[in-house]
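The block underneath contains the structure these notes are about, expressed in structure tokens.
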Amino acid sequence: MNGQYKGEDDLGRLMHDFLCSDPDDMHFDILAERSRYFKENPKGVSEMCKAMEDMRNEALERGRAEGRLNNMIESVRSLKAKLGLSDQQVKDALSISNEDWEQIAVKV
């Protein structure tokens, strides 16, 4: 779906509402009510803050996990290239589980 669509039909009005920051300018009452709840009602604001915090924490953890994986991949590459270690020796030296090794092996 093209979020830039600005037609005068229901889809265009819906796209307008999705991009609208002021509930009073929205076409669809149900969206305006929910938007107003999350922006103006203390309970709704609290719920939205919690949802945003949860999303941030999930993204942070995904980033950390990706960083750990990238570091492990670089360590594996280094041990294999500089010391000539076998896959099993690298796995043992770095205490890499078989599950983690499957992710690493395809990227080394």
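The values are calculated or read from the model by the stated rules, or taken from the named source; none is laboratory data. Being a predicted model, the structure only gives us computed values, none of them experimental. Neighbour counts are summed over all protein chains in view; Cβ atoms, including those assigned to glycine, are modelled from backbone coordinates with ideal geometry.
One residue alone among Asp92, Asp24 is acidic (Asp, Glu) and surrounded by 11 or more Cβ atoms within 10 Å (Cβ to Cβ), and that residue is Asp92. For segment 10-30, the set of residues classified as in a loop (DSSP other than H, G, I, E, B) and either modelled with pLDDT under 95 or within 23 Å of the chain's Cα centre (by Cα) (or both) consists of Cys20, Ser21, listed by residue number.
Among the residues of segment 31-69, the ones that are more than 27 Å from Asp9 (Cβ to Cβ), surrounded by 12 or more Cβ atoms within 10 Å (Cβ to Cβ), under 24 Å from the mean Cα position of the chain (by Cα) and not charged (D, E, K, R) come to 4 in all. Loosely packed, with under 11 Cβ neighbours inside 10 Å and either of a type in the set (Val, Ile, Thr) or within 22 Å of the chain's Cα centre (by Cα) (or both), is that true of Ile73? No; evaluated as a whole, the condition is false for this residue.
Cβ separations smaller than 8 Å between residues 6+ apart or across chains give the following pairs from segment 32-60 residues that are within 17 Å of Cys20 (Cα to Cα) and without any contact (Cβ under 8 Å) to a residue 24 or more places away in the chain to residues that are of a type outside the set (Ser, Thr, Tyr) and not in a helix (DSSP H, G or I): Ala32/Met26; Ser35/Cys20; Ser35/Met26.
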